[in-house]
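Asks: Quick one: structure below, then a few questions.
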Amino acid sequence: MLAILSITFPIYAAIALGFALTRRGWFKPSDMKVLGGYVLNVALPALLFHAVATRPVGEVFNPAYMSVFLLGGLGTILMAWIWFRLTSVEASRRGVAVMGTSCPNSGFVGYPVMLLAFPDLAGSILAMNMLVENFVLIPTSLILMEMGRDGAHESLFAKLRAVILGVVKRPMVIALILGLCVSISGLTLPEPGLRFLGMLAASASALALFAIGGTLVGLPLRGNRALAVQITLGKLVLHPTLVFAALVCLGAGLSSNLQAAVILSAAMPIFTIYPLFAMEHGRESIASLALLGTTVASFATLTILLGFLT
């Protein structure tokens with residue numbers, strides 16, 4: 001048990017520190033946007049580029065792992081959409097709820113967990129998760145959200161085009177593509193460049209966790225608590241369960257570490273910018289409640305899962 005807590009405690013202690021210092025006024029909630037922007041636009045892209053560019057493609061991208069993560073994520077989207085439809089959740093909230101159940105925080109929480117649990121695989125796991133999330137899970141959720149928008153809205157084709165353009169412009173996606181090009185070409189990066197990228201990458205973990213804690217301060221906590229609980233259960237229970245089912249079907253060739261990693265990846269709390277997507281549909285309150293719920297509850301669920309899987 002102590003070995004498991006040695007993984008989860010530092011992560012949630014950093015989140016708690018960010019929350020406490022921001023709540024105390026040493027930092028402002030707006031400061032967390034700056035820190036989060038640095039992590040999203042500088043540190044994680046550097047990490048992803050370094051992880052992909054310095055390894056052969058076959059070592060970075062594991063088709064079986066990505067298939068399991070993809071199938072489990074799509075299954076979660078489908079099951080969540082059916083559930084929220086059967087429970088009469090209005091269309092304008094249904095897409096927001098589906099996104100909450102199926103889009104994990106692989107960058108801010110997942111990478112620090114993998115770095116402590118599987119240090120040699122953490123960069124590759126992050127790269128594979130980001131590809132599936134940015135090109136499939138998040139765009140699919142955004143389209144469902146757009147389809148449920150009240151009143152006039154863009155055509156499905158126009159929304160899909162906007163989503164794809166938004167994806168390819170993200171620094172992390174650009175870093176993945178550039179790293180892939182370097183990996184395929186077989187080029188060796190100069191040592192000063194590698195050290196620079198490594199230095200930036202090393203700053204990602206602690207700053208990401210601290211920023212999450214600070215972001216939780218001042219979140220609007222009014223909203224449909226029953227729906228927030230359903231989203232939380234969907235994210236922390238349904239998503240990893242369906243990924244496990246996909247693993248049984250498709251993951252026979254995966255190593256034990258990658259089998260554990262793919263389930264843990266699905267068990268991460270909701271990604272940090274979830275309320276920003278929900279804000280476009282006037283549902284930021286329910287998204288904030290669900291984000292807080294999954295972040296807090298995942299300390300227990302991840303600790304239990306790590307106990308079983310590692």
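Asks: Got at least one residue in region 275-296 being in contact with a Pro (Cβ under 6 Å, 6 or more places away or on another chain), touching a residue at least 24 places away in the same chain (Cβ under 8 Å) and part of a loop (DSSP other than H, G, I, E, B)?
Replies: Within region 275-296 (the criterion being in contact with a Pro (Cβ under 6 Å, 6 or more places away or on another chain), touching a residue at least 24 places away in the same chain (Cβ under 8 Å) and part of a loop (DSSP other than H, G, I, E, B)), the answer is no, since none of the residues qualifies.
Asks: Out of Leu207, Leu219, Leu264, I need the residue that is outside any helix (DSSP H, G or I), of a type in the set (A, V, I, L, M) and in contact with a Leu (Cβ under 7 Å, 6 or more places away or on another chain). Which one?
Replies: On the way: Leu207 fails: outside any helix (DSSP H, G or I); Leu264 fails: outside any helix (DSSP H, G or I).
Going through Leu207, Leu219, Leu264 in turn, just one is outside any helix (DSSP H, G or I), of a type in the set (A, V, I, L, M) and in contact with a Leu (Cβ under 7 Å, 6 or more places away or on another chain): Leu219.
Asks: Residues that are in contact with a Phe, Trp or Tyr (Cβ under 8 Å, 6 or more places away or on another chain), of a type outside the set (Lys, Arg) and modelled with pLDDT of 85 or more: find the helices (runs of 4 or more DSSP H) completely inside region 74-171 holding 1 or more of those. Even if it seems obvious, please write down each step before you answer.
Replies: Working: elements: 91-102, 111-117, 122-132, 138-147, 156-168.
Qualifying helices (runs of 4 or more DSSP H): 91-102, 122-132, 138-147.
Asks: If you don't mind, there's one more thing I want to ask. Confirm whether Ala245 is part of a helix (DSSP H, G or I), among the small types (Gly, Ala, Ser) and buried (at least 17 other Cβ atoms within 10 Å of the Cβ).
Replies: Values: part of a helix (DSSP H, G or I): yes; among the small types (Gly, Ala, Ser): yes; buried (at least 17 other Cβ atoms within 10 Å of the Cβ): no.
So Ala245 does not fit the description; no.
Asks: Check Val109, Val113, Val96 and return the single one that is more than 19 Å from Ala267 (Cβ to Cβ) and surrounded by 21 or more Cβ atoms within 10 Å (Cβ to Cβ). Write out each step before concluding.
Replies: Numbers: Val109 fails: more than 19 Å from Ala267 (Cβ to Cβ); Val113 fails: more than 19 Å from Ala267 (Cβ to Cβ).
Answer to the selection: Val96.
Asks: Name the single residue, out of those in region 248-258 being in contact with a helix residue (DSSP H, G or I) (Cβ under 6 Å, 6 or more places away or on another chain) and outside any loop (DSSP other than H, G, I, E, B), that is surrounded by the fewest Cβ atoms within 10 Å (Cβ to Cβ). Step through it out loud before you land on a result.
Replies: The first filter runs over region 248-258 and keeps only residues in contact with a helix residue (DSSP H, G or I) (Cβ under 6 Å, 6 or more places away or on another chain), leaving 250-251, 253-254, 258.
Adding the requirement that they be outside any loop (DSSP other than H, G, I, E, B) leaves 250, 258.
Details: Leu250: 19, Leu258: 21.
Going through the qualifying residues, I end up with Leu250.
Asks: Yes or no: Thr232 among the polar types (S, T, N, Q), out of contact with any strand residue (DSSP E or B) (no Cβ under 8 Å at 6 or more places or on another chain) and surrounded by fewer than 23 Cβ atoms within 10 Å (Cβ to Cβ)?
Replies: no
Asks: Name the pairs whose Cβ atoms lie under 6 Å apart, with the first residue in region 187-198 and closer than 11 Å to Ala46 by Cβ, the second outside any loop (DSSP other than H, G, I, E, B) and polar (S, T, N, Q), and 6 or more positions between them or separate chains?
Replies: Pairs found: none.
Asks: Can you tell me which residue in region 38-73 is surrounded by the fewest Cβ atoms within 10 Å (Cβ to Cβ), limited to those that are under 19 Å from the mean Cα position of the chain (by Cα) and not in a helix (DSSP H, G or I)?
Replies: Phe61
The values are calculated or read from the model by the stated rules, or taken from the named source; none is laboratory data. All figures in this text were calculated on a predicted structure; none of them were measured in a lab. Virtual Cβ from ideal backbone geometry, glycine too; neighbours counted across all protein chains shown.
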